[in-house]
Amino acid sequence: MEPLSSYLIVSSALLGIGIYGLVSKRNAIRLLFSVELIVNAANINFVAFARYSNPPILSGWDIVFYSVAAAAMEATVGLALILVAFRLNGTIDVRRLNRLRG
Amino acid sequence: MPDIAFLALSGLVIASAIFALEAKELIYGAVGLAFSLIGVAGLFVLLGAEYLAMFQVAVYVGAVVVLILFTIMLVQRESGRIVEEEEPGRLGRAGVLVAGLVALAVAGAVIILAPVSPEAPESYRVPLRELGVSLASSYAVALVILGLLIGATVLGGLTLAKIDREEKPSGTAQ
């Protein structure tokens, strides 16, 4: 059985990769990838902490159910927004979607 | 002694996450994301939550990644070229810096602050019966709100994706 901290290190690596994508990528779909990676890092943490409690806490698994479902909803709306932005602007490069800039 | 399955799965998760962001073709990136999410499901299995892993694969790989693939195909076929452009190197370096700092800070805090390897029960599987009962009793309100959220998402997606043929702005792709 791995120690708890190894799971937490994997999850912080995933968080770091996600933040890197959010900061440096220009394609809206890749930003969506990054958000999914960050949500998954959080889910790993929930499951790992729930498993390593003694006795294991059931709420950790419950909340991951809701988290996965909510992340799917978020991806759906995000993709619909990307399609609309593409239809209106002809690009999904977030650095060029700056019509609202003051 | 580190577990081989754990090492392989975390390697898969991290390598395909990096590939998802760095692949030249967006389609391959989506496939990399799918592999990363499957690896996370494998970690769930190692943690004794098989049902959660099945849910993760069904929802993420089955629904979200397929949806992303459809969107990529729609966007790319209409524009006829890959939307991705060269990132300025400055931005990439800033991203690596920020992400590395955050990841190091989190990992350091974890190692320093985490309770020293709490003793977990050796073999444990989520009791599905109790999980279902708690989903339907203690968290019943959250379940209902989740249903409302799904309904709102379907409505919102339909509204956003509806093409207004009369008021279509002229000269734009579509």
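Assorted remarks:
- Going from the fewest other Cβ atoms within 10 Å to the most, the residues B:Phe44, A:Phe65, A:Phe49 appear in the order A:Phe49, A:Phe65, B:Phe44.
- Note, ³J(HN,Hα) from phi for the range B:7-20, Karplus 6.51, -1.76, 1.60, rounded to Hz, x at Gly and Pro: 4, 4, 5, 5, x, 4, 4, 6, 5, 6, 5, 5, 4, 4
- Cα gyration tensor, the protein assembly as shown - rounded (a/c under 1.5), prolate or oblate: oblate
- Dimensions (Å) - the range B:1-79, Cα atoms, principal axes, largest first: 51, 25, 10
- Shielding score for A:93-99, defined as the mean number of other chain Cβ atoms within 10 Å: 1
- Hull volume per residue, based on the alpha-carbon atoms of chain A and their convex hull, is 106 Å³.
- Over the range B:1-79, relative contact order from alpha-carbon pairs under 8 Å, at least 6 apart, %: 27
- Kyte-Doolittle at least 1.6, axis length at least 15 Å by Cα - qualifying DSSP helices, chain A: A:4-24
- Mean silhouette area of the range B:3-46, derived from the convex hull of its C-alpha atoms and averaged over all directions, reads 2.5 nm².
- Other protein chain C-beta atoms within 10 Å of residue C-beta, averaged over A:54-62: 6.
- The label point for B:Glu25 and the one for B:Asp3, both projected 7 Å from the Cα toward the Cβ, are 3.5 nm apart.
- Ascending count of other beta-carbon atoms within 10 Å, so fewest first, for B:Met54, A:Met73: B:Met54, A:Met73
Just so you know, all these numbers are worked out from the coordinates, no wet-lab data involved. Treat the numbers as computed from the prediction; the structure is a model and nothing was measured. Neighbour counts run over all protein chains shown; Cβ positions are idealised from the backbone, glycine included.
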